[in-house]
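Undergrad: Below you'll find the structure I mean.
The values are calculated or read from the model by the stated rules, or taken from the named source; none is laboratory data. Remember, it's a predicted structure, so these values are computed and weren't measured experimentally. Cβ coordinates were reconstructed from backbone atoms using ideal geometry, including for glycine residues, and neighbour counts include every protein chain displayed. SASA here: full protein model, heavy atoms, side chains in, ligands and nucleic acids out. Shrake-Rupley method; radii C 1.70, N 1.55, O 1.52, S 1.80 Å.
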Amino acid sequence: MLEGSGKRRDMKDTPPVFSAQRVRVLLPLPLAGAYDYRVPPGLDIQSGEFVTVSLNHRPMIGVVWDAAEAPEAVPVPDHRLKPVNAILPAPRMTVSLRRFIDWVAAYTLSPPGAVLRMAMGSTAALEPPTQQAGWTLAGPGSNRQPRMTPERQRVLAVMEPGRVYAGAPLAEAAGVSLGVLRGMADNGLIRPALLPHASRFNRPDPDHPGPRLLGAQAEAATQLVAKVAARRFGVTLLTGVTGSGKTEVYLDAVAEALRQGRQALVLLPEIALSAQWLERFKARFGVSPALWHSEVTPRTRRDTWRAVAEGEAPVVVGARSALFLPFPDLGLVIVDEEHETAFKQEDGVVYNARDMAVVRARLAGAACVLVSATPSLESLTNAESGRYEALDLPERHGGASLPAVETVDLRRTPPERGRFLSPPLIEAVNATLERGEQAMLFLNRRGYAPLTLCRHCGHRMRCPNCTAWLVEHRARRQLQCHHCGHTEAPPAECPECGTANSLVAVGPGVERVLEEAAALWPEARRLVMASDTLPGPAAAGMAAQQIQDREVDLIIGTQIVAKGWHFPHLTLVGVVDADLGLAGGDLRAAERTVQLLHQVAGRAGRAEAPGRVLLQSFSPEHPVMQALISGDLDAFMSEEAAIRRPGHWPPFGRLAALIVSSEDEREADRTARDLGLAAPGGEGVQVLGPAPAPLALLRGRHRRRLLLKTRREIAVQPILRDWLARVPVPNSVRVQVDVDPVSFL
Ligand code: ADP
Ligand code: ZN
């Protein structure tokens, strides 16, 4: 068996050495809990160890969870248990990560093994790192006199004594084939050797000069640095208008974590849109951070996981799943754009990474910083109650002013028939382009048109699998469902009444706005920024660069333009449909619309030239529009709080949703009804539904929803557990639990 190396036994949490004959092993599977395994004599097992065991005759990797103090319900004698097969030579999983996994599982009502799977990001990383072979000079001692050729001489000229070279680059540098190297080895001129284990993760230099922070920035940075230096858990809410330097301020806290020799994790809502952020990091620390998100290659995944576990990657920037990386000594967790709903994972283990980041930090004894120009009501409420400390940067850096926000009343100055840009907005774009500045048109809708309708019979083109209209993507000649991805070609005639050429596009998407813009401003260089036109980090980064370099005059974009970009030459933002997010009964519709539009508006006027924002709206008097005009988001959020508090709506009460789904509609209905009949009750506990979900059909599954609502001081988890235990659910039906739902579809 493999003995523990020095690396495997980190000093931070020395676990008890088991005297027991058995250990509990948690497997990365959706099982109810850990399983017992027998410890073969001579095997020294500690908790947190990655081990191989067999389950149903299949080898599996699991983690030694805790000593099996209590026997299982059906006690199995030790000798009947399967043995632990081997200990893997990987750093042990820390106590704090194990407790985090338990915590997330309990909070979200997920099987702990399903959460563990997220923490085993790469099983390849559990094997010892393989070293690659290269070539080195054979040196003295080889007294043969091999034949010299010009090629061989070139190779020898490239090589320095004592260094090991990888084959391909060496051959390339000398301008020879790999065969020449092998021949030289046969002749004793060079010999194979192992390449040094090159770390891909450079240590960011905390003392690399960064920008000079002044005034409120300096003050906030000093406070954050002190929090990190205290090496204790605590949460700080860092707010400040867009462009006030929040990023620069929290990077100072990252520097302090580095000085403390601890690790830092920065969560960003959409890592694919973080090219500018990564540039900033590099400018501040001299090197790039380690990246963690779903699109990193398996090789990078493996290296990153391992480097994090061994403390070799001091700073990780990642999407929500980075919370489950095996940091041995996490000193700081930052959640940037903490209000973003992208932090909520909606399938598998349903969790909110913003909230879980706070838990991760608490269990690791780390400082936690939540950052936003438009903080969520949840975080504001926590700051108000003193659970979080609050820091604010009231002004834009460099004296830039916030943009002036106005509404365009679409009832008074409507666009021309079949058009979507009103005369005042067109005029404003004209003036901006004439000044040689950049303008942006924002519409949070991909494609050409959200609805295709038959002029003759009124038939609407719908998705066969979902309760949704098909969105026309004209450039691709497709109708597409944005929920399940179903696509079909636009039919030549109405599928209902058979009339030819009767289908018309209703409403705008960004493609249609682009078409209108092309007609109005044929000379302007236009760029569309949407998730389907900028499919990856590289494309998004290039687009941002083009905008920065003034190679673009007019940007037309969906919500991805709202994400933290710094476009110094952008001075006008036109919101094509400011009312768009307000429809529907979502609890947070108003809050989210304010956050999104304020963020979009915040892209304008970030340098010397002042910015202007025009909101096209049918209800300019709406509190959301008024809040955006006045810029007084605090007042708006106080109003929101006043609306939600009396009814005990979050954050002044708790919610958990049950989503019942089945391909068989009657089964879904029956289970939903049974759950409704067994609904918990009592003081401060209420169940709403069952009701068909707004997306009553999704990917061919019929969906019903129930909503559990409790007072804030009542924990929903025990109620949910008890409720679910009382209602049998047939195999054909799935009941998904969503604690603290952010989507009500
Ligand atoms: P926020 O995160 O609050 O939107 P940023 O940190 O992105 O603000 O800062 C906005 C811009 O101003 C960035 O380009 C940033 O580099 C610059 N900046 C902020 N503070 C300073 C400073 N003290 N010195 C120089 N540049 C700064
Ligand atoms: Zn669909």
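Undergrad: Surrounded by fewer than 20 Cβ atoms within 10 Å (Cβ to Cβ), modelled with pLDDT of 95 or more and part of a loop (DSSP other than H, G, I, E, B): which single residue out of Cys497, Cys484 fits that description? Break it down into steps so the answer makes sense when it comes.
TA: Details: Cys484 fails: modelled with pLDDT of 95 or more.
When all the criteria are applied, what remains is Cys497.
Undergrad: Hey, another quick one. Select from the stretch 228-241 the residues that are open to solvent by 30 Å² or more (accessible area, probe 1.4 Å) and either touching a helix residue (DSSP H, G or I) at 6+ places or on another chain (Cβ under 7 Å) or within 16 Å of ligand 2 (Cβ to nearest atom) (or both) and list them in ascending order.
TA: Ala229, Phe233
Undergrad: Does at least one position in the stretch 395-404 carry a residue that is open to solvent by 10 Å² or more (accessible area, probe 1.4 Å), over 32 Å from the mean Cα position of the chain (by Cα), of a type in the set (Gly, Ala, Ser) and closer than 21 Å to Leu615 by Cβ?
TA: Checked the stretch 395-404: no residue is open to solvent by 10 Å² or more (accessible area, probe 1.4 Å), over 32 Å from the mean Cα position of the chain (by Cα), of a type in the set (Gly, Ala, Ser) and closer than 21 Å to Leu615 by Cβ.
Undergrad: Which ones in the stretch 394-439 are in contact with a Pro (Cβ under 8 Å, 6 or more places away or on another chain) and among the β-branched types (Val, Ile, Thr)?
TA: Within the stretch 394-439, Thr407, Val408, Thr413 meet the criteria.
Undergrad: Scan the stretch 305-318 for residues that are charged (D, E, K, R) and in a loop (DSSP other than H, G, I, E, B) and report the count.
TA: So the answer is 2.
Residue-wise test of (1) more than 16 Å from ligand 1 (Cβ to nearest atom); (2) under 27 Å from the mean Cα position of the chain (by Cα); (3) touching a residue at least 12 places away in the same chain (Cβ under 8 Å).
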{"position": "Glu427", "(1), (2), (3)": "yes, no, no"}
{"position": "Thr432", "(1), (2), (3)": "yes, no, yes"}
{"position": "His459", "(1), (2), (3)": "yes, no, yes"}
{"position": "Pro464", "(1), (2), (3)": "yes, no, yes"}
{"position": "Cys481", "(1), (2), (3)": "yes, yes, yes"}
{"position": "Cys484", "(1), (2), (3)": "yes, yes, yes"}
{"position": "Ala489", "(1), (2), (3)": "yes, no, yes"}
{"position": "Ser502", "(1), (2), (3)": "yes, no, yes"}
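Undergrad: Taking the residues in the stretch 662-696 that are more than 30 Å from Arg592 (Cα to Cα) and within 31 Å of the chain's Cα centre (by Cα) as candidates, determine which candidate is least open to solvent (accessible area, probe 1.4 Å).
TA: If we take residues in the stretch 662-696 being more than 30 Å from Arg592 (Cα to Cα) and within 31 Å of the chain's Cα centre (by Cα), then Ser662 is least open to solvent (accessible area, probe 1.4 Å).
Undergrad: Would you mention how many residues in the stretch 405-439 are open to solvent by 50 Å² or more (accessible area, probe 1.4 Å), assigned to a loop (DSSP other than H, G, I, E, B) and closer than 21 Å to Val552 by Cβ?
TA: 1
Undergrad: Considering only residues that are out of contact with any helix residue (DSSP H, G or I) (no Cβ under 6 Å at 6 or more places or on another chain) and assigned to a loop (DSSP other than H, G, I, E, B), which ones fall in the stretch 329-342? Lay out the reasoning, then the answer.
TA: Of the stretch 329-342, the ones out of contact with any helix residue (DSSP H, G or I) (no Cβ under 6 Å at 6 or more places or on another chain) are 329, 336-337, 340-342.
Residues satisfying the conditions are Asp329, Glu337, Glu340.
Undergrad: Within the bounds of the stretch 173-183, is there any residue that is under 30 Å from Lys344 (Cβ atoms) and surrounded by fewer than 19 Cβ atoms within 10 Å (Cβ to Cβ)? Please lay out each step first, then the result.
TA: Our first condition is that a residue be under 30 Å from Lys344 (Cβ atoms); within the stretch 173-183, this holds for none.
No, because not a single residue in the stretch 173-183 is under 30 Å from Lys344 (Cβ atoms) and surrounded by fewer than 19 Cβ atoms within 10 Å (Cβ to Cβ).
Undergrad: Condition first: in a strand (DSSP E or B), buried (at least 17 other Cβ atoms within 10 Å of the Cβ) and either of a type outside the set (Phe, Trp, Tyr) or within 16 Å of ligand 2 (Cβ to nearest atom) (or both). Now tell me which residues in the stretch 440-453 satisfy that.
TA: Taking the stretch 440-453 first, the residues in a strand (DSSP E or B) are 440-442, 449, 451-453.
Next, from what is left, pick out any that are buried (at least 17 other Cβ atoms within 10 Å of the Cβ): 440-442, 449, 452-453.
Met440, Leu441, Ala449, Thr452, Leu453, listed by residue number.
Undergrad: If I filter the stretch 465-475 for residues that are aliphatic (A, V, I, L, M), under 14 Å from Asp532 (Cβ atoms) and open to solvent by 70 Å² or more (accessible area, probe 1.4 Å), do I get at least one hit?
TA: Going residue by residue through the stretch 465-475, those that are aliphatic (A, V, I, L, M) are 468, 470-471, 475.
After this cut, where a residue has to be under 14 Å from Asp532 (Cβ atoms) as well, the list is 471, 475.
Restricting the remaining residues to those that are open to solvent by 70 Å² or more (accessible area, probe 1.4 Å) gives 475.
Yes, because at least one residue in the stretch 465-475 is aliphatic (A, V, I, L, M), under 14 Å from Asp532 (Cβ atoms) and open to solvent by 70 Å² or more (accessible area, probe 1.4 Å).
Undergrad: Specify the residue that is farthest from ligand 2 (Cβ to nearest atom); the eligible residues are those in the stretch 454-471 that are farther than 17 Å from Ala489 by Cβ and hydrophobic (A, V, I, L, M, F, W, C).
TA: Cys457
Undergrad: Just wondering, is there one or more residues in the stretch 643-661 that are assigned to a helix (DSSP H, G or I) and either open to solvent by less than 70 Å² (accessible area, probe 1.4 Å) or over 30 Å from His483 (Cβ atoms) (or both)?
TA: Initially, the stretch 643-661 is screened for residues assigned to a helix (DSSP H, G or I), giving 643-644.
Remaining after also requiring either open to solvent by less than 70 Å² (accessible area, probe 1.4 Å) or over 30 Å from His483 (Cβ atoms) (or both): 644.
Yes: the stretch 643-661 contains one or more residues that are assigned to a helix (DSSP H, G or I) and either open to solvent by less than 70 Å² (accessible area, probe 1.4 Å) or over 30 Å from His483 (Cβ atoms) (or both).
Undergrad: Counting only residues that are modelled with pLDDT of 90 or more and open to solvent by 30 Å² or more (accessible area, probe 1.4 Å), how many does the stretch 252-276 have? Can you show your working first?
TA: Within the stretch 252-276, the first condition is being modelled with pLDDT of 90 or more, and the residues that meet it are 252-269.
If we keep only those that are open to solvent by 30 Å² or more (accessible area, probe 1.4 Å) as well, we get 252, 259-261.
Count: 4.
Undergrad: Sticking with this structure for a sec: Can you find, within the stretch 612-623, the residue that is most open to solvent (accessible area, probe 1.4 Å) among those that are out of contact with any Leu (no Cβ under 7 Å at 6 or more places or on another chain) and closer than 19 Å to Ile426 by Cα?
TA: Among them, the one singled out is Pro620.
Undergrad: Could you check Ser54 against (1) under 23 Å from Glu310 (Cα atoms); (2) open to solvent by less than 40 Å² (accessible area, probe 1.4 Å); (3) at pLDDT 75 or above and say which number it fails?
TA: (1)
Undergrad: From (1) assigned to a helix (DSSP H, G or I); (2) away from ligand 1 (no atom under 16 Å from the Cβ); (3) surrounded by 14 or more Cβ atoms within 10 Å (Cβ to Cβ), pick out the condition that doesn't hold for Pro508.
TA: Evaluating Pro508 over (1) assigned to a helix (DSSP H, G or I); (2) away from ligand 1 (no atom under 16 Å from the Cβ); (3) surrounded by 14 or more Cβ atoms within 10 Å (Cβ to Cβ) leaves (1) as the failure.
Undergrad: Please go through the stretch 246-304 and pick out each residue that is of a type in the set (D, E, K, R), in a helix (DSSP H, G or I) and either more than 30 Å from Glu127 (Cα to Cα) or touching an Asp or Glu at 6+ places or on another chain (Cβ under 8 Å) (or both).
TA: At the first step, the residues of the stretch 246-304 found to be of a type in the set (D, E, K, R) are 246, 248, 252, 256, 259, 262, 270, 279-280, 282, 284, 295, 299, 301-303.
Applying the additional criterion that residues be in a helix (DSSP H, G or I) yields 246, 248, 252, 256, 259, 279-280, 282, 284, 299, 301-303.
Lys246, Glu248, Asp252, Glu256, Arg259, Glu279, Arg280, Lys282, Arg284, listed by residue number.
Undergrad: Considering only residues that are more than 16 Å from ligand 1 (Cβ to nearest atom), in contact with a Gly (Cβ under 9 Å, 6 or more places away or on another chain) and open to solvent by less than 10 Å² (accessible area, probe 1.4 Å), which ones fall in the stretch 544-586?
TA: Matches in the stretch 544-586: Thr558, Leu572.
Undergrad: Run Pro326 past the list (1) open to solvent by 10 Å² or more (accessible area, probe 1.4 Å); (2) assigned to a helix (DSSP H, G or I) and report the number of the one that doesn't hold.
TA: If we test Pro326 against (1) open to solvent by 10 Å² or more (accessible area, probe 1.4 Å); (2) assigned to a helix (DSSP H, G or I), just (2) comes out false.
Undergrad: Sticking with this one: So which residues in the stretch 329-355 are over 17 Å from the mean Cα position of the chain (by Cα) and open to solvent by 20 Å² or more (accessible area, probe 1.4 Å)?
TA: Once the filter is applied, which keeps residues that are over 17 Å from the mean Cα position of the chain (by Cα) and open to solvent by 20 Å² or more (accessible area, probe 1.4 Å), the stretch 329-355 yields only Asp329.
Undergrad: Among the residues of the stretch 728-737, are any away from ligand 2 (no atom under 16 Å from the Cβ), part of a helix (DSSP H, G or I) and open to solvent by 40 Å² or more (accessible area, probe 1.4 Å)?
TA: First, pick out the residues of the stretch 728-737 that are away from ligand 2 (no atom under 16 Å from the Cβ): 728-737.
Filter once more, so that each one left must be part of a helix (DSSP H, G or I): none.
No, every residue in the stretch 728-737 fails to be away from ligand 2 (no atom under 16 Å from the Cβ), part of a helix (DSSP H, G or I) and open to solvent by 40 Å² or more (accessible area, probe 1.4 Å).
Undergrad: Of everything in the stretch 474-487, what is more than 10 Å from ligand 2 (Cβ to nearest atom) and out of contact with any helix residue (DSSP H, G or I) (no Cβ under 7 Å at 6 or more places or on another chain)? Give them in sequence order. Spell out how you get there, then give the answer.
TA: Pass one, the stretch 474-487, residues more than 10 Å from ligand 2 (Cβ to nearest atom): 474-479.
Listed by number, the residues that qualify are Arg476, Arg477, Gln478, Leu479.
Undergrad: Select from the stretch 380-404 the residues that are among the charged types (D, E, K, R) and either in contact with a Leu (Cβ under 6 Å, 6 or more places away or on another chain) or not in a loop (DSSP other than H, G, I, E, B) (or both) and write down the one among them that is nearest to ligand 2 (Cβ to nearest atom). Give the steps one after another, and end with the answer.
TA: Pass one, the stretch 380-404, residues among the charged types (D, E, K, R): 384, 387, 389, 392, 395-396.
From what's left, either in contact with a Leu (Cβ under 6 Å, 6 or more places away or on another chain) or not in a loop (DSSP other than H, G, I, E, B) (or both): 384, 389, 392.
Values: Glu384: 42, Glu389: 45, Asp392: 43 Å.
So the residue we want is Glu384.
Undergrad: Continuing with this model, one more query. Six or more apart or on different chains, Cβ under 6 Å: which pairs go from a residue in the stretch 278-302 that's under 15 Å from Leu267 (Cα atoms) to one that's in a loop (DSSP other than H, G, I, E, B)? Could you list them?
TA: Phe281/Pro289; Ala290/Phe201; Ala290/Ala313; His293/Ala319
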